[in-house]
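Structure first, commentary second.
The values are calculated or read from the model by the stated rules, or taken from the named source; none is laboratory data. Since the model is a prediction, treat every value here as computed from it, not as a measurement. For neighbour counting, all protein chains shown are included, and Cβ atoms are generated from backbone atoms with ideal geometry for every residue, glycine included. The area values use the complete protein model at the heavy-atom level, side chains included, leaving out ligands, DNA and RNA. Shrake-Rupley method; radii C 1.70, N 1.55, O 1.52, S 1.80 Å.
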Amino acid sequence: MTDDEIAEQLKGRALEEEYVRELLASLGYDPSDGLTEAAVHALDTASMDQRRRAAIRTLRLGS
């Protein structure tokens, strides 16, 4: 599955917020703490591999 296909599925299934929560958790942040400055920085600097793995996990959990 390409990155574009993953993005389409996340959007089509309205899982964008779940994806951000999953990515935050995978980066060591508690999503319930909200988008702190440190969390936003972590999201901004996450590698493409980290983003892709979080997106795939989100799609699996959302099925």
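Summary of computed values
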read-out: Selection status of Ala38, over 12 Å from the mean Cα position of the chain (by Cα), at pLDDT 95 or above and open to solvent by less than 60 Å² (accessible area, probe 1.4 Å); value: yes
read-out: Contacts under 7 angstrom Cβ, first residue in region 8-30 being open to solvent by 80 Å² or more (accessible area, probe 1.4 Å), partner of a type outside the set (Gly, Ala, Ser), 6 or more apart; value: Glu16/Leu10; Glu18/Thr58; Arg21/Pro31
read-out: Residue selected from region 41-60 under the condition without any contact (Cβ under 8 Å) to a residue 40 or more places away in the chain and surrounded by 12 or more Cβ atoms within 10 Å (Cβ to Cβ), by the criterion farthest from Leu10 (Cα to Cα); value: Ala42
